[in-house]
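The values are calculated or read from the model by the stated rules, or taken from the named source; none is laboratory data. If you're wondering where the values come from, they're calculated on a predicted model, not measured in any experiment. All Cβ positions, even for glycine, are placed from backbone atoms using ideal geometry, and neighbour counts span all protein chains on display. Just so you know, the surface numbers come from the protein's heavy atoms only, side chains and all, with ligands and any DNA or RNA stripped out. Shrake-Rupley method; radii C 1.70, N 1.55, O 1.52, S 1.80 Å.
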Amino acid sequence: MALYWLLIHIVLLTSSSSAGNDFFTSIGHMSDLLFSEKDLVSSLNDYVRAEESKLEQVRRWAARLDLLSAASSQDPEGFLGHPVNAFKLIKRLNTEWAELESLVLTDMSEAFISNLTIQRQHFPNDDDQTAAAKAMMRLLDTYQLDTNTISTGGLPGSSPSQRSTMTVDDCYELGKVAYSEEDYYQTELWMFQALRQLDEGQTSAATDAVTILDYLSYSVYQQGALERALEFTQRLLALDPTHKRTQGNLKHFESQLDQQKDHEEGGAGPESETESETRGRPADYLPERKKYEQLCRGEGLGMTPLRQSRLFCRYHDNNRHPKYVIGPVKQEDEWDRPPIVRYHDIVTDAEIERVKELAKPRLCTATTFNSVTGARETIQHRISKSGWIRAFEDPVVDRINQRIQDVTGLDVSTAEELQVGNYGVGGHYEPHLDFVQKHDLDVFKSMGTGNRMATWLLYMSDVQAGGATVFTEVGATLWPKKGTAVFWFNLLPSGEGDYRTRHAGCPVLVGNKWVSNKWIHERGQEFRRRCDLQETD
């Protein structure tokens with residue numbers, strides 16, 4: 001009975017809504033969940049041991065009474081003729097059975113339930129789970145993976161210790177999320193993967209072949225694949241001939257196929273073009289989606305050999321800056337138009353860990369400026385968490401800010417505070433501009449520092465797969481490398497915005513991506529980067 005109520009309590013806890021912390025947007029925050037789960041598993045094991053100890057006591061008591069009953073039942077009156085036996089019978093029935101009742105009714109789950117109740121209020125909620133499912137679909141689309149690769153855990157860049165497989169129920173859950181979003185392409189992919197695993201002999205606690213086939217037939221029908229929809233419908237009816245809705249669907253699909261054949265025989269030609277247009281990923285709001293994802297996969301056009309030959313690596317001392325005359329920094333040209341450079345070994349591992357330590361407690365879901373209201377807001381095309389650190393909070397941050405100024409030659413006193421970001425499951429930031437356009441300049445009006453002139457992007461971790469920074473207008477792909485920083489100007493020397501700097505943070509496929517940004521503004525740069533009316537590099 002105690003176990004029954006324990007299970008009921010767990011169900012109620014897991015079904016209740018929590019405040020939600022957008023855990024999926026940050027691997028750094030998600031790592032805390034692992035420790036919470038480890039603590040709960042330890043507490044659960046304590047509960048199991050306590051229940052086993054209780055049952056062992058009951059088992060020993062029952063075994064002793066079995067032997068006693070076997071002996072007494074042969075000659076009950078003779079057995080009770082011995083005064084000790086008679087006394088012990090009265091004692092057992094009066095006290096020992098009551099003690100046994102108390103033992104059986106003892107609730108061993110109290111400590112575990114208390115711990116679970118406390119931990120549960122910080123757990124992810126339904127929104128987090130849905131968002132994580134969408135992130136899995138994003139990875140499949142962006143990196144052109146197949147569902148079986150994801151389900152078997154064989155993601156590019158993953159190590160054997162990281163790999164984990166998905167169950168039928170996991171695939172089915174992803175399919176349901178896609179269906180709720182009316183993404184019938186992903187619904188088909190994940191439901192078919194769930195069906196495949198069922199056919200291979202895996203079991204499911206949440207679904208069956210009939211339910212999966214129902215989703216499949218409808219999703220492929222919505223994409224215009226009538227024959228395939230009919231195949232799934234016929235297979236469903238073979239499993240469940242009484243399925244009313246599917247019986248109606250069968251007649252509808254057969255009727256539509258007959259009409260399609262009549263149409264073709266009448267000389268109008270096949271409708272395969274219509275089908276090909278409707279099948280596949282649905283159109284979305286991002287016109288450069290294809291190019292963006294190609295760059296994320298490292299499939300950009302790159303540059304000609306001649307242009308490539310003009311890119312160099314060098315030791316950079318920023319015009320013989322006193323700090324770098326003896327120990328210059330390593331600078332590498334990443335791109336020529338617009339100029340993008342990378343500085344190697346620009347921060348130490350100890351400095352990175354300190355910045356992460358400072359940032360982690362203040363990580364919040366990343367936001368962007370609303371050009372209409374001027375307020376910050378969360379958006380679905382930016383999945384990460386970020387926090388801001390001021391220079392005076394720690395000597396390490398002050399030292400990094402000073403280093404940025406010394407290396408770039410720009411004044412950081414009017415720059416924004418150091419922003420630290422951590423990307424979560426499928427974490428990304430779709431193509432955007434760091435500077436604000438003329439009609440949005442009021443966004444920075446209150447700061448009084450002008451537009452974002454330049455961007456300093458520091459990589460604070462390596463990423464096993466994915467997570468590149470790509471420039472969609474020019475076709476550049478920059479891969480994260482721990483301890484390096486990339487730098488570019490967002491504004492041309494004339495002060496006009498450089499639209500070639502439109503860039504994106506690609507979804508993280510495998511790994512944990514930590515970055516920090518420093519946006520340097522116009523004010524204070526008047527004598528450091530002089531204005532040039534010629535809009536050139």
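The share of Cα pairs per 5 Å bin across region 186-246, counted from zero up to the longest distance, runs 4, 20, 30, 26, 16, 4, 0 percent. Of Arg528, Arg228, the residue with the largest accessible area leads and the full order is Arg528, Arg228 (1.4 Å probe). By the Cβ distance rule of under 4.7 Å, the chain has these cysteines without a partner: Cys171, Cys313, Cys364, Cys531. Extending 7 Å from Cα along the Cβ direction at Arg314 and again at Gln202 yields two label points whose distance is 5.5 nm. Computed extension gain for Gln256 through Thr167, at 0.36 nm per residue and net of the alpha carbon distance, reaches 28.5 nm. The equivalent ellipsoid that matches the C-alpha gyration tensor of region 284-347 spans semi-axes of 33, 15, 9 angstrom, in descending order. Within region 189-214, list the residues whose amide N lies under 12 Å from a label point set 7 Å along Cα→Cβ of Arg245. What the label zone holds, given the 12 Å backbone N cut-off, is 211-214. Axis angle, to the nearest 10 degrees, between helix 244-263 and the longest C-alpha principal axis of the chain: 40 degrees.
On the basis of the beta-carbon distance and an R0 of 56 Å, Val48 and Gln74 show a calculated FRET efficiency of 0.90.
The peptide list 245-255, 207-217, 328-338, put in order of mean Cβ contacts within 10 Å with the highest first, becomes 207-217, 328-338, 245-255.
Short-range pairs are left out: with C-alpha atoms under 8 Å and at least six residues apart, the relative contact order of the chain is 14 percent. Pairs of Cα atoms nearer than 8 Å and 6+ residues apart set the relative contact order; for region 394-489 it is 21 percent. Estimated from helical segments only, the mean residue ellipticity of the chain at 222 nm is -14000 deg cm²/dmol, where each DSSP H run of four or more residues counts as -39500 (n - 2.57). Its relative contact order, with pairs defined as Cα atoms under 8 Å and 6+ residues apart, puts region 141-188 at 24 percent. Of Lys330/Lys518; Lys176/Lys356; Lys356/Lys438; Lys323/Lys518; Lys330/Lys513; Lys291/Lys330, which pairs sit farther than 26 Å apart, going by alpha carbon to alpha carbon? Distance filter (> 26 Å) returns Lys176/Lys356; Lys356/Lys438; Lys291/Lys330. The length gained on full extension between Ser446 and Phe527, counted as 0.36 nm times the residue separation minus their Cα-Cα distance, comes to 26.8 nm. Given R0 = 51 Å, the distance between the Cβ atoms of Glu227 and Leu433 translates into a calculated FRET efficiency of 0.65.
Taking only alpha carbon atoms, region 118-191 gives an Rg to Rh ratio of 1.01, where Rh is the Kirkwood radius. Dimensions of the chain along the principal axes, based on C-alpha atoms and rounded to the nearest Å, stand at 118, 79, 43, largest first. For the chain, the solvent-accessible area works out to 53 Å² per residue, with a probe of 1.4 Å and every protein chain left in place. Measuring r between the beta carbons of Asp66 and Gln119 and using R0 = 51 Å, the FRET efficiency lands at 0.75. For helix 168-180, what angle does its Cα long axis make with the longest principal axis of the chain, in degrees from 0 to 90 and rounded to 10? Taking the Cα atoms of the chain, the angle to 168-180 is about 60 degrees. Of the three principal axes defined by the Cα atoms of region 408-500, the extents in descending order read 40, 28, 26 Å. Counted residue by residue at 0.36 nm each, then reduced by the alpha carbon distance between them, the extension gain from His263 to Ala283 reaches 4.4 nm.
For region 451-537, the equivalent ellipsoid built from the Cα gyration tensor has semi-axes of 28, 14, 8 Å, listed from largest to smallest. When each of the peptides 80-88, 161-169 is scored by how many other beta carbons lie within 10 Å of its residues on average, the order from highest to lowest is 161-169, 80-88. For region 457-496, the residues whose amide N sits under 13 Å from a probe point set 7 Å from the Cα of Thr149 along the beta carbon direction are 465-466. As a ratio to 2.2 N^0.38 Å, the alpha-carbon radius of gyration computed for region 24-164 takes the value 1.93.
When the convex hull of its Cα atoms is viewed from all sides, region 207-366 shows a mean projected area of 19.8 nm². In angstrom, the C-alpha Rg and Dmax of region 160-211 are 11.4, 35.
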